[in-house]
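Structure record follows, encoded as structure tokens.
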Amino acid sequence: MKIFSGLCIQKLRLELVLSILMLWVLGACAPRLAPLGDQVNAAVLKSDSLITDDGLSLPLRSWLPEGKPEIIILGLHGFNDYSNSFDGPGIFWARSGIATYAYDQRGFGAAPHPGLWGGHKQMTADLRAALRLLRKRHPDTPLYTIGVSMGGAVVMAALQEENNLNLDLDTDGVILSAPAVWARETMPFYQRASLWLVAHTTPWASFTGSGLKIQASDNIPMLIGLGKDPLVIKSTRIDSVYGLTDLMDAAYGSPKSLTIPSLLLYGEKDEVVPWEPTRDVWNSLPNGIDGPQRAALYANGWHMLLRDLQAETVLTDIREWVRSPLSPLPSGADKNAQLALKHGGTTLADN
């Protein structure tokens, strides 16, 4: 009996040691964030870069009309993409007197530490700095912000920080194109658990997502071009996905903060951001979806609405909305959104 008891005690001690060792390993393999810059200075907006408050140089692109711009739009690109994603929209809007600026966010494009997640607190700080500097450059011109997918989530998180932490976001309105709001709250338990486990054991592991068979747009030549673009990230680190999910959590909980003029865009054929969390955000807007905060649903739209084959329809809606945020959209996509929510929050295809 004493031998048996001794063996049990030894087994318990071994399990305790292994448990402590496992916790140490998990702590050692925590998701990695990209390093901060090594300076503490006020941000600077140059002709080709945004110098952040911590001294990082983020590449900046601009598409300017002839003469003084009527409106300024600051663009935030999506996950694994970079500022060049606004080339088509920027050219289109410039013809109508609208200037567009866009920068490569931390960890993307030609920004420092590509592939490493920059942390959404730093990303929202970069957004505030860019808006502050653009307002200084164009003091008498309306200034709007457009965020695409991940970029939309950054905008939403920044608005939440403005309300909760009194951090000013100096913009006259926001456009959120298929914002990334697929938060943990809307994920099945096994997905949340799997993501946590992998992010805390092998955070450096990466995947391409090719096996998911998800189509982001009907513009196939554009998608092929992205596949050949060396600045578009093809293989994603797990800890970057984990960081993106943290950002989406913040965005999903932020609709009550959307009190400024807001235009939320979604495509009926979106295979990247699910409809259900998008619908939840629409239903949570403080003033509904047909006033200062407006939703638009495109029956033939995919995730990459600004670069789909019907992109001109979406870009025209945005152009007219920034000119008159309370007017109906030319395409009628705002009426589609109202119809979808009226019939039980389903998409048009189910009505």
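Quick note: the coordinates plus some simple rules give every number you see, no bench work behind them. What you see is a predicted model, and the numbers here were worked out from it, not measured in a lab. Glycine also receives a Cβ, built like all others from the backbone with ideal geometry; neighbour counts cover every protein chain displayed.
In this rough spin-label picture, where each label sits 7 Å from Cα along the Cβ direction, the VAL40-ASP87 distance is 4.0 nm.
Can you give the FRET efficiency for GLU70 and GLN191, using 1/(1 + (r/R0)^6), R0 = 35 Å, r = Cβ-Cβ distance, to the nearest 0.05?
Values: r = 45 Å, r/R0 = 1.28.
It comes out at approximately 0.20.
The simple spin-label model puts a point 7 Å past each Cα toward its Cβ; for LYS269 and ASP140 those points are separated by 4.5 nm. Looking at the range 128-272 only, what percent of DSSP beta bridges run antiparallel? Nearest 5 please. Around 20 percent of the beta bridges assigned by DSSP in the range 128-272 are antiparallel ones.
For the chain, the longest principal axis of the Cα atoms and the long axis of helix 275-284 meet at an angle of about 70 degrees. Mean sequence separation of contacting Cα pairs (under 8 Å, at least six apart), scaled by the length of the chain, corresponds to a relative contact order of 16 percent. Springs join every pair of Cα atoms under 10 Å in this Gaussian network model of the chain, and among THR278, THR100, THR201 the largest mean-square fluctuation is at THR201. The angle between the Cα long axis of helix 189-199 and the main principal axis of the chain comes to about 80°, on a 0 to 90 degree scale.
Which percent, to the nearest 5, of DSSP beta bridges fully inside the chain are antiparallel? Each step should come with its number before you reach the end.
Values: 12 of 38 bridges.
Within the chain, antiparallel bridges account for around 30 percent of the total.
How much length is gained if the chain between ARG132 and LYS213 is pulled fully straight, taking 0.36 nm per residue apart and subtracting their Cα-Cα distance, in nm to one decimal?
Details: separation 81, 0.36 × 81 = 29.16 nm, distance 4.03 nm.
Between ARG132 and LYS213, full extension yields an extra 25.1 nm.
Secondary-structure-derived ellipticity at 222 nm for the chain, considering helices only, amounts to -12500 deg cm²/dmol, per-run term -39500 (n - 2.57) for DSSP H runs with n ≥ 4. For the cross-link pairs LYS121/LYS256; LYS136/LYS269; LYS121/LYS234; LYS256/LYS335, the ones whose C-alpha atoms lie over 28 Å apart are LYS136/LYS269. Extension gain, GLU276 to LEU339, is 21.1 nm, computed as 0.36 nm per intervening residue step minus the present C-alpha separation.
Computed from Cα positions, the angle between helix 238-252 and the longest principal axis of the chain comes to roughly 60 degrees.
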